[in-house]
Amino acid sequence: MTVWDDLVGQDRVQEQLAAAARDADALVTSVSDGKPLDQGSKMTHAWLFTGPPGSGRSTAARAFAAALQCTSPDRALGGVPGCGFCDGCHTSLIGTHADVQVIRTDLLSIGVKETRDLVRRAQLSPAVGRWQVIVMEDADRLTEGAGNVLLKAVEEPAPRTVWMLCAPSLEDVLPTIRSRCRHLTLSTPPVEAVADVLIRRDGIDPERAHAAARATQGHIGRARRLATDERARARRAAVLKVPLRVADVGGCLKAAQELIDTATDDAKQMAEEVDAKETEDLKAALGGVAGGRMPRGTAGAMKELEDKQKRRKTRTQRDSLDLALTELTGFYRDVLALQLGSKLAIANADVQDSLDRIAESSTPAQTLRRIESVFACREAMDRNVAPLLAVEAMTMALRAG
């Protein structure tokens, strides 16, 4: 199993990264042997991975990081770096390699302080590996100030440091940063390829794997969760009933409240799993005694943790709501396909009766307006409109058509 096996449906990107990994391996060898560097190298110090959600941006970045750290002896015989078995590949993929730092945030943004810490780390030489690699999975969440801090590091990188930034699109990254990165654009993987991975790697029943891949329209992570998590299937089923529940004002308001409650419950469940352990670990680190008072001077650290947990809970709630809106968009996309007689594959075939009912009782123009109302809801929440107000406005718009 090579490091590229989890990169589904991205053959062109895989070829580019494999070529860069070969040149990077040759570059390190040339430096150690005192040979001149190849000026035509496909390797560079900063990469920007873009693509729609579920395309595998962070998977590609982590696989590339592992290939750069590969120490397989087969490389000397012409083998491609990224064997997947050596210590460099294995520790990079599981997140324990000393020279591979993966940055992902549970918060709404990545601030200046965190970015400065990364920039300082980027100036260090590799401790045990061949490269110092920093993978930023949410580069689109950098604040403007944090982006300006990062710019300097990308402009003047350390000799053996590689930055890998991941974002949905080029527009989500500051122009000054993206102009200094090599771009790799990933596409949504085919449904069949996603289903094959679920069957082959996760041992999921073929019928369920195909249904999950089709329902999530090629989003690998969501497909895996939908195929393995009963709560995820129940939540999706509730969301797909919304179009049938907005026949009157009362139904609109109730449906909106239930969507908010579900997102809040998801955030609460995740918080309960993480917050308690974080709090206990910090108390122990600060010298606190179980059941006793905290030492003097530690209130600031505890308050900072509470604020972080609160921001993470808000992010989780918004992500859950965003997923529900994505599923609603997919529902109305299927309705529009039926109304126009398109041969496009239906993603939500498990609710075919509901699709037929909505398609027969409305026009394509109404369906398009409903899709636009879902987009408007997402934009409103991006502008920090109260989630309940935004969702209520959307459900009322769905009713009006």
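Among the numbered conditions (1) surrounded by fewer than 15 Cβ atoms within 10 Å (Cβ to Cβ); (2) of a type outside the set (Asp, Glu); (3) without any contact (Cβ under 8 Å) to a residue 24 or more places away in the chain; (4) touching a Pro at 6+ places or on another chain (Cβ under 9 Å), the only one that SER187 does not meet is (3). Among the conditions (1) open to solvent by 60 Å² or more (accessible area, probe 1.4 Å); (2) at pLDDT 90 or above; (3) closer than 30 Å to ARG116 by Cα, LYS152 misses just one, which is (2). Do you know which of the residues in segment 353-389 that are within 28 Å of the chain's Cα centre (by Cα) and among the polar types (S, T, N, Q) is modelled with the highest pLDDT? Selected residue: SER373. Within segment 150-179, residues that are over 19 Å from ARG130 (Cα atoms) reach partners that are of a type in the set (S, T, N, Q) and outside any strand (DSSP E or B) with beta carbons closer than 6 Å, at six or more positions or on different chains, in the pairs LEU150/THR115; LEU151/THR176; CYS166/SER58.
Tally the residues that are over 25 Å from PRO52 (Cα atoms) and open to solvent by 30 Å² or more (accessible area, probe 1.4 Å), restricting the search to segment 127-144. Explain how you work it out, then say what you get.
Applying the first criterion (over 25 Å from PRO52 (Cα atoms)) to segment 127-144 yields 127-132.
Cutting the leftovers down to open to solvent by 30 Å² or more (accessible area, probe 1.4 Å) gives us 127-128, 130.
Residues meeting the conditions: 3.
Looking at segment 190-242, the helices (runs of 4 or more DSSP H) lying wholly inside it that each contain 3 or more residues that are crowded, with 22+ Cβ neighbours inside 10 Å sit at 191-202, 206-215, 220-228. Residues of segment 75-95 that are of a type outside the set (A, V, I, L, M) and out of contact with any helix residue (DSSP H, G or I) (no Cβ under 9 Å at 6 or more places or on another chain): GLY78, PHE85, ASP87.
Looking at segment 159-167, can you tell me whether even one residue there is of a type outside the set (Gly, Ala, Ser), assigned to a helix (DSSP H, G or I) and open to solvent by 40 Å² or more (accessible area, probe 1.4 Å)? Let's see the steps before the verdict.
At the first step, the residues of segment 159-167 found to be of a type outside the set (Gly, Ala, Ser) are 159-166.
Subset that is assigned to a helix (DSSP H, G or I): none.
There is no residue in segment 159-167 that is of a type outside the set (Gly, Ala, Ser), assigned to a helix (DSSP H, G or I) and open to solvent by 40 Å² or more (accessible area, probe 1.4 Å).
Scanning segment 101-116 for residues that are assigned to a helix (DSSP H, G or I) and open to solvent by less than 20 Å² (accessible area, probe 1.4 Å) yields a total of 1.
Across segment 39-61, the number of residues qualifying as open to solvent by less than 10 Å² (accessible area, probe 1.4 Å) and part of a loop (DSSP other than H, G, I, E, B) comes to 2. Remark: pairs (first residue in segment 123-146, aliphatic (A, V, I, L, M); second residue assigned to a loop (DSSP other than H, G, I, E, B) and surrounded by 22 or more Cβ atoms within 10 Å (Cβ to Cβ); Cβ separation under 7 Å; 6+ apart in sequence or on different chains) = ALA127/ASP99; VAL128/ASP99; VAL133/ASP99; ALA139/VAL173. Is it true that CYS83 is open to solvent by 10 Å² or more (accessible area, probe 1.4 Å) and within 24 Å of GLU15 (Cβ to Cβ)? Yes, satisfied.
The values are calculated or read from the model by the stated rules, or taken from the named source; none is laboratory data. Small disclaimer: the values here were computed from a predicted structure and weren't measured. Note that we place each Cβ from the backbone using ideal geometry, even for glycine, and neighbour counts take in every protein chain shown. Remember, those area values only see protein heavy atoms, side chains included, never the ligands or the DNA or RNA. Shrake-Rupley method; radii C 1.70, N 1.55, O 1.52, S 1.80 Å.
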